[in-house]
Amino acid sequence: MGMRVSSFIKFPIFAIICVFLAASAFADNHQSTGEPGNETKIQSSKDDLEKALSDYAPIPDWLELVLNRIPAEQPPEISAKLEDKDVGEGIEQSVTSPTIITTKTLDSGISRLENIPPLYSSPKIEGEGVWVGEDTPSSDGVPLIHKTTYRPSIDFPNAVVYMAVFDMSRIKVRLFIGQTEPGIYQVSDTSSRESLSRIVAITNAMWMQQHSRGAGAIFRGQVVYPMVPGMATLVIYKDDSVDILEWSNDIPVSAVKDARQLRHLIVRDGKVVNQVFKNGKTNDSEIGLGGFLVDNDGRSTMNNEFWFLANRTAFGIRDDGNLVFAMGHHVGTKDLAKALALAGCKRAIHGDANIHNIVCNFYFRDENNKIIKRDRLSPEQLQYTMKRYDQGYAKDFFAFYEK
């Protein structure tokens, strides 16, 4: 039995998401007040962030065969040529964005979604590279989100990326500060109000502040952590438009509703960023968590030869203003970035990582805006995370609503 989610629910952050999703446990027509005094149970994070310096795990025989398989029928232009050049302050990038062959016009604000020719013909993934709106939240029969699956890596054929493009002409997005983040104490008494009756999706955000190396954040126009010039930033403006860019002090904070930062852009000018400059040195652009980047068994990957192969997420922005979320399994930063470039993204930023931290939940509502179904973008996303936000969550996340 579900209930109709109440229309305006007041912060604090400790109550906002848990109220509307936990509502599915109450009787029909029960109304949630969302008043500031309501207490919520904080669900402890289940991510394994302890350093685990165990021995290198041997590769199973089936995986060895996949990794050594030669790509079949590689379409022209998909294997992007290298084109080393400096493109701006502190960043060097190569790898051009491949030419897309198929164009599809959709009855939505996503006017042109270009299907991506698969790199591999065997084993076949049905619908690989084809954008579909089926089994995603919709309004008046028109999908609010389109999704696809793609294998972007030439070196690691078993790297699978699931992508969702959000129609930002009909969707707005909001950042929520995690319940254990130090910044929560600055914003828990905010008077901002949100309508939770039109929820569409929730995704993870970036890494926790303690792992973000001083990354900045803005919440409902208030600077929670100081913004760092030149750092990759996902910005939500007060007009509900979204962008991904390198932060500049020329951007007026007065125009920003929410923002979150992390490291460097992983896609810039539609190209994958291969190298970054730090302390006068050129470094590979792969992003890790030090000893905290772990495999699915919770063991640190840092002693592995291919330490960068992990569960990762990222966000990209297209020229049409639509936001793309990508969730990759057994994938490196650059191959995840390649998938976003193929999806038409001009700029992209890394999100959270590790199997317990990667989330893209879809919420389906009936004509009364009651949640009647949930789903996840990737079948490899852990099942329990579909109800993670019923009781709040310790880490930052983004919530997407129909306007």
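Scanning the stretch 147-173 for residues that are among the hydroxyl-bearing types (Ser, Thr, Tyr) and touching a helix residue (DSSP H, G or I) at 6+ places or on another chain (Cβ under 8 Å) turns up Tyr150, Ser153. Inspection of the stretch 182-193 identifies no residue that is surrounded by 21 or more Cβ atoms within 10 Å (Cβ to Cβ) and in a strand (DSSP E or B).
The single residue among Gly214, Gly178 that is in contact with a Lys or Arg (Cβ under 6 Å, 6 or more places away or on another chain), in a loop (DSSP other than H, G, I, E, B) and over 24 Å from Lys338 (Cβ atoms) turns out to be Gly178. Is the stretch 331-349 home to any residue that is in contact (Cβ under 8 Å) with a residue 40 or more places away in the chain, more than 21 Å from Pro379 (Cβ to Cβ) and in contact with a helix residue (DSSP H, G or I) (Cβ under 8 Å, 6 or more places away or on another chain)? So far as the stretch 331-349 goes, yes, one or more of its residues are in contact (Cβ under 8 Å) with a residue 40 or more places away in the chain, more than 21 Å from Pro379 (Cβ to Cβ) and in contact with a helix residue (DSSP H, G or I) (Cβ under 8 Å, 6 or more places away or on another chain). Only residues that are free of Cβ contacts under 8 Å to residues at least 60 places away in the same chain and under 27 Å from Ser169 (Cβ atoms) were counted in the stretch 354-380, giving 5.
Would you mind stating whether Asn311 is free of Cβ contacts under 8 Å to residues at least 12 places away in the same chain, on the phi < 0 side of the Ramachandran plot and not in a loop (DSSP other than H, G, I, E, B)? Here the answer is no, as Asn311 does not meet what is asked. Take the residues in the stretch 277-296 that are charged (D, E, K, R) and at pLDDT 90 or above, then tell me which one is surrounded by the most Cβ atoms within 10 Å (Cβ to Cβ). The qualifying residue surrounded by the most Cβ atoms within 10 Å (Cβ to Cβ) is Asp295.
Residue-level analysis places Pro252 outside the set of residues that are surrounded by fewer than 21 Cβ atoms within 10 Å (Cβ to Cβ), free of Cβ contacts under 8 Å to residues at least 60 places away in the same chain and either in contact with a Phe, Trp or Tyr (Cβ under 9 Å, 6 or more places away or on another chain) or small (Gly, Ala, Ser) (or both). Scanning the stretch 219-242 for residues that are closer than 16 Å to Ala205 by Cα, β-branched (Val, Ile, Thr) and either in contact with an Asp or Glu (Cβ under 9 Å, 6 or more places away or on another chain) or assigned to a loop (DSSP other than H, G, I, E, B) (or both) returns Val224, Thr233, Val235, Ile236.
Flag: Lys395 does not match the condition of being farther than 23 Å from Thr233 by Cβ, touching a residue at least 24 places away in the same chain (Cβ under 8 Å) and not in a strand (DSSP E or B). With respect to the conditions (1) surrounded by fewer than 19 Cβ atoms within 10 Å (Cβ to Cβ); (2) part of a loop (DSSP other than H, G, I, E, B), Ser153 falls short on a single one, namely (1). Taking the criterion of being surrounded by 18 or more Cβ atoms within 10 Å (Cβ to Cβ) and not acidic (Asp, Glu), the residues of the stretch 377-393 that qualify are Leu377, Ser378, Gln381, Thr385, Met386, Arg388, Tyr389, Gly392, Tyr393. The residue that is farthest from Leu323 (Cα to Cα), among those in the stretch 351-371 that are modelled with pLDDT of 95 or more and among the β-branched types (Val, Ile, Thr), is Ile355.
The values are calculated or read from the model by the stated rules, or taken from the named source; none is laboratory data. Model, not experiment: these values are computed from the prediction. No Cβ is skipped: glycine too gets one built from the backbone with ideal geometry, and neighbour counts run over all protein chains shown.
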